[in-house]
Amino acid sequence: MVDLGGLKQAVIDGNRNKVVEFVKAALADHMEPQGLLTNHMIPGMLEVGKLMAEGEYFIPEVLRSAKAMNGALEIIEPLLASGKRENSGNVIIGSVDGDIHDIGKNLVGMLLKGNGFLVHDIGVSVPVAKFVEAAKGIDGKIILGMSALITPVLDEMPKVIKAIEEAGLRSRVKIIVGGAPIDQEFADSIGADGTAHAAAGALTLAKRLLT
Ligand code: B1M
């Protein structure tokens, strides 16, 4: 069994080569990708956030860790995406206008894809109108997922919901919101159909909302 004791620290150090090496070795040893993320890599990113908040880390250090994380996700994605084949439904996902964080959004998208959803990732810093256009472009019942990591952009979420209502799409568009600053109370207050703290919860919610 591969010793993953150093994986979290390699994420904190932003050592992409080391992170990728750990992940490749763990996968070769038939370890579950989800466990690598939940038990080692995400706790590493949370520590990076703590160091950032304490003024120990600045943007270059945080970016280095994000690149290390993304390097590993490139390897993990095909495995997460190779799950269920039947179509579970359409999901549009994006980070709201003003927010360029995408690691969490990408993870949610990967897990949904791996469970048969057709995921339309419309990127980061997505303006209200682009969410609406994307929803108009897909027929039938769909899920629209918005991600936000920084509090100043949270107001974008009710704006998107209002625009979806005004476009007459709300009855067939289920809206889920997520990201570190979001809780159930906030989701309820803006009239979203649900929220989840992590990718696995987003999957459960998406399944529930589309069936
Ligand atoms: Co930023 N950043 N950052 N950052 N960054 C945070 C979010 C922060 C908490 C750090 C801190 O101060 N402690 C803080 C926000 C404070 C606040 O407003 N509450 C912050 C700040 C302030 C900023 C800048 C403003 C810094 C500056 O410029 N002075 C700036 C903003 C840029 C912008 O968006 N306009 C900025 C920039 C950056 C980088 C570019 C350097 C980089 C992003 C790189 C990238 O994403 N490609 C970055 C990073 C990496 C972070 C931290 C350290 C890590 C985020 C992350 O990737 N986590 C973060 C600290 C933290 O979160 N504690 C921080 C790992 C990821 C797997 O988790 O994204 O939470 P997360 O996703 C989870 C869940 O939230 C959930 O599931 C995911 C998987 O389990 N989830 C959903 C997410 N989306 C979902 C959607 C759903 C459902 C669930 O349904 C649709």
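The values are calculated or read from the model by the stated rules, or taken from the named source; none is laboratory data. Quick caveat: nothing in here was measured; it's all calculated off a predicted structure. No Cβ is skipped: glycine too gets one built from the backbone with ideal geometry, and neighbour counts run over all protein chains shown.
Restricting attention to segment 35-60, the residues that are more than 10 Å from the ligand (Cβ to nearest atom) and part of a helix (DSSP H, G or I) total 4.
Residue by residue, here is whether (1) part of a helix (DSSP H, G or I); (2) in contact (Cβ under 8 Å) with a residue 24 or more places away in the chain holds:
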| site | (1), (2) |
| --- | --- |
| Arg64 | yes, yes |
| Ile75 | yes, yes |
| Pro78 | yes, no |
| His101 | no, yes |
| Asn106 | yes, yes |
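On inspection, Ile176 passes the criterion of being touching a strand residue (DSSP E or B) at 6+ places or on another chain (Cβ under 6 Å) and either modelled with pLDDT under 95 or within 18 Å of Asn90 (Cβ to Cβ) (or both). Does Ile93 satisfy the criteria of being within 16 Å of the chain's Cα centre (by Cα), near the ligand (Cβ under 10 Å from one of its atoms) and not in a loop (DSSP other than H, G, I, E, B)? Spelling it out, Ile93 is indeed within 16 Å of the chain's Cα centre (by Cα), near the ligand (Cβ under 10 Å from one of its atoms) and not in a loop (DSSP other than H, G, I, E, B). Here Val126, Val160, Val91 are screened, and the one residue that is more than 23 Å from Arg208 (Cα to Cα) and modelled with pLDDT of 95 or more is Val126. Selection over segment 113-134 of residues that are within 9 Å of the ligand (Cβ to nearest atom) and touching a helix residue (DSSP H, G or I) at 6+ places or on another chain (Cβ under 8 Å) gives a count of 1. Checking each residue in segment 19-58 for being without any contact (Cβ under 8 Å) to a residue 24 or more places away in the chain, of a type outside the set (A, V, I, L, M, F, W, C), surrounded by fewer than 19 Cβ atoms within 10 Å (Cβ to Cβ) and more than 21 Å from Val108 (Cβ to Cβ) picks out Glu21, His30, Lys50, Glu54, Gly55, Glu56.
Only one entry of Asp188, Asp155, Asp193 meets the criterion of being within 11 Å of the ligand (Cβ to nearest atom) and charged (D, E, K, R), and that entry is Asp193.
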